[in-house]
Every structure is written in C-alpha cells, then in structure tokens.
1. Quick check on my filter: what residues within region 102-131 are of a type outside the set (A, V, I, L, M), modelled with pLDDT of 95 or more and buried (at least 18 other Cβ atoms within 10 Å of the Cβ)?
2. For region 44-60, give me the residue count where each residue is touching a residue at least 12 places away in the same chain (Cβ under 8 Å), closer than 14 Å to A112 by Cα and of a type in the set (A, V, I, L, M).
3. Looking at region 107-114, can you tell me whether even one residue there is touching a residue at least 12 places away in the same chain (Cβ under 8 Å) and not aliphatic (A, V, I, L, M)?
4. Considering only region 59-79, I want to know if a residue exists there that is touching a Phe, Trp or Tyr at 6+ places or on another chain (Cβ under 9 Å), at pLDDT below 95 and assigned to a loop (DSSP other than H, G, I, E, B).
5. Every residue in region 35-49 that is in a strand (DSSP E or B), of a type outside the set (A, V, I, L, M) and touching a strand residue (DSSP E or B) at 6+ places or on another chain (Cβ under 8 Å), please.
6. For residues in region 23-37 being at pLDDT below 95 and not hydrophobic (A, V, I, L, M, F, W, C), which is nearest to L80 (Cα to Cα)?
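The values are calculated or read from the model by the stated rules, or taken from the named source; none is laboratory data. Remember, it's a predicted structure, so these values are computed and weren't measured experimentally. Cβ sites come from the backbone with ideal geometry, for glycine too, and all protein chains shown count toward neighbours.
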Amino acid sequence: MPKIETLNLAHYDSATGIFSLSRSEDSSLAHVSLRLEGEYLAVSTSYGPLEIALRPRVEELKRVLRMLQPVDGLQFSRQLGSGQTSIGLGLQSDGRLLIRPAVIGDASGYIAINLALAPEARVALFEWLGV
C-alpha cells in the first residue's frame, strides 16, 4: 500500500490564475499548482524538491472527474494521460479524491506522487474547474 499524503487547503490567486492545493500543517512538502492554459491544464505536483509537471487536456480531465464513482477497494480507478506520463484518479466513499501523477520509464519502473484531496479541497477544485 503506497503512502498517501492528504492535501486539505485550496487557494485561488486571481492575479496569477494559479489554483493551489496544500497541507495546513506544512505546505512546503506536498503541493499542487494548477493553471488553465487554453485547452490544457498545467499541473505542477511537488513533494519537497521533487516535481512532476503534466499538461492534460481540460475537457478530458473534466470528463474523467465527472465519471468517477467511489471504489474503496481500488485506489486509482481512472487514468488520464499517455504511456509515458499519466494522472491516476480515484474517489473514495468518504469524499477524498486520490491523485497520482506519474512518469513511467518502461516496464522496469516509474516515479509517482500519491496524494489525496480532503473533501473540502476536492469540492473547491471541482468548482474551479466547473465539474
């Protein structure tokens, strides 16, 4: 079972257009920043000095988020992206949204950051995206 870091704070900076998700205890560790860039969403996920940056299509992400159903036995029930980079998504019955951005090398390994959005942060994200 992977270690999952929970993010419970959501903040939108209208001056920069950046929507941020972080932890109330220590925002310097796990952090997600999102910004709309035309038909794409720039996603920067970091944990300390490690960063995974992805650019999924906004409409594809919205479609996947709308389709999510709570599945407690399966952590990441949907995947968005390509064979080299992806975002795993899953919804838990307690309202947490699981997010796993990953860079896949090949069959021998990958790098991923396992995060969960607390229900209030998930609601804020869905409202910002218009889901």
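1. Hit for region 102-131 is R122, nothing else.
2. Let us first name the residues in region 44-60 that are touching a residue at least 12 places away in the same chain (Cβ under 8 Å), namely 44-48, 50, 52, 54-60.
Within this subset, residues satisfying the condition of being closer than 14 Å to A112 by Cα are 44-48, 50, 52, 54.
Now drop any that are not of a type in the set (A, V, I, L, M), which leaves 50, 52, 54.
Total satisfying the criteria: 3.
3. To start, the set of residues in region 107-114 that are touching a residue at least 12 places away in the same chain (Cβ under 8 Å) comprises 111-114.
If we keep only those that are not aliphatic (A, V, I, L, M) too, we end up with 114.
Checking region 107-114: at least one residue is touching a residue at least 12 places away in the same chain (Cβ under 8 Å) and not aliphatic (A, V, I, L, M).
4. No, that holds for no residue.
5. Looking only at region 35-49, we keep the residues that are in a strand (DSSP E or B), and these are 35-37, 40-47.
The next check asks that each one be of a type outside the set (A, V, I, L, M); those that pass are 35, 37, 40, 44-47.
The answer is R35, Y40, S44, T45, S46, Y47.
6. Applying the first criterion (at pLDDT below 95) to region 23-37 yields 23-31.
Keeping just the survivors that are not hydrophobic (A, V, I, L, M, F, W, C) gives 23-28, 31.
Working: R23: 24, S24: 28, E25: 29, D26: 28, S27: 26, S28: 26, H31: 20 Å.
Selected residue: H31.
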